[in-house]
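Take a look at the structure below.
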Amino acid sequence: MKNVLRLIGIIAIAVVIGFSMTACTEEEEEKEEEGTLNGTWVSESNAQYTMTFTIDSDGKGTLVTSRVGSLTVSNVTKTTVSTNAGDFDYVLSGNKLTLSNYTGVLVATLVTDGPYLRQK
């Protein structure tokens, strides 16, 4: 009887550890993406207009849009994105992205289509 209770206790501990390890992984991945531009954004006013950012850790990458096409991102700061077609300022608040203060005709299209919501 003593051995049966010991076995049940060991199984219970293994189950608790297994569930706690799987629960932590998903939360960490979601938090990592939240504060960045990376991912796909959909215009709040027209769901046909999208932007997908792929930016690496040194602030370089691409911006693919449904209206303008593919742009090369040369620099990203906490408030500004610089592309080969112009620059724009941005404010990231939760899952909402607002663009402003643009230079360049192509970039003007992106700003007027916003604000954008993060697509899940």
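Since every read-out is calculated from the coordinates, none of them should be taken as a lab result. Everything numeric here is computed off the predicted structure, so don't read it as measured data. When we count neighbours, we look across all protein chains shown, and the Cβ atoms used for this are built from the backbone with ideal geometry, even at glycine.
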3J(HN,Hα) from dihedral phi, the stretch 98-114, Karplus parametrisation 6.51/-1.76/1.60, rounded to Hz, x for glycine, proline: 10, 10, 7, 6, 8, 10, x, 5, 4, 5, 4, 4, 5, 5, 6, 6, x
Pairwise FRET efficiency - Val105 versus Asn75, Cβ, R0 = 30 Å, nearest 0.05: 0.90
Apply the Debye scattering formula to the chain, with a single equal point scatterer on each alpha-carbon and no solvent, then give log10 I(q)/I(0) at q = 0.11, 0.17 Å⁻¹. -0.46, -0.81
For the chain, what is the calculated [θ] at 222 nm in deg cm²/dmol (nearest 500), taking -39500 (n - 2.57) for each run of four or more DSSP H residues and dividing by its residue count? -12000 deg cm²/dmol
Grab the Cα-Cα distance for Arg67 and Val4, subtract it from 0.36 nm times how many residues apart they are, and report the gain in nm with one decimal. 16.0 nm
To the nearest 10 degrees, how steeply does helix 2-34 sit against the main Cα axis of the chain, on a 0 to 90 scale? 10 degrees
Starting from the Cα of Thr40, step 7 Å along the direction of its Cβ; do the same at Asp87; then give the gap between the two resulting points in nm. 3.1 nm
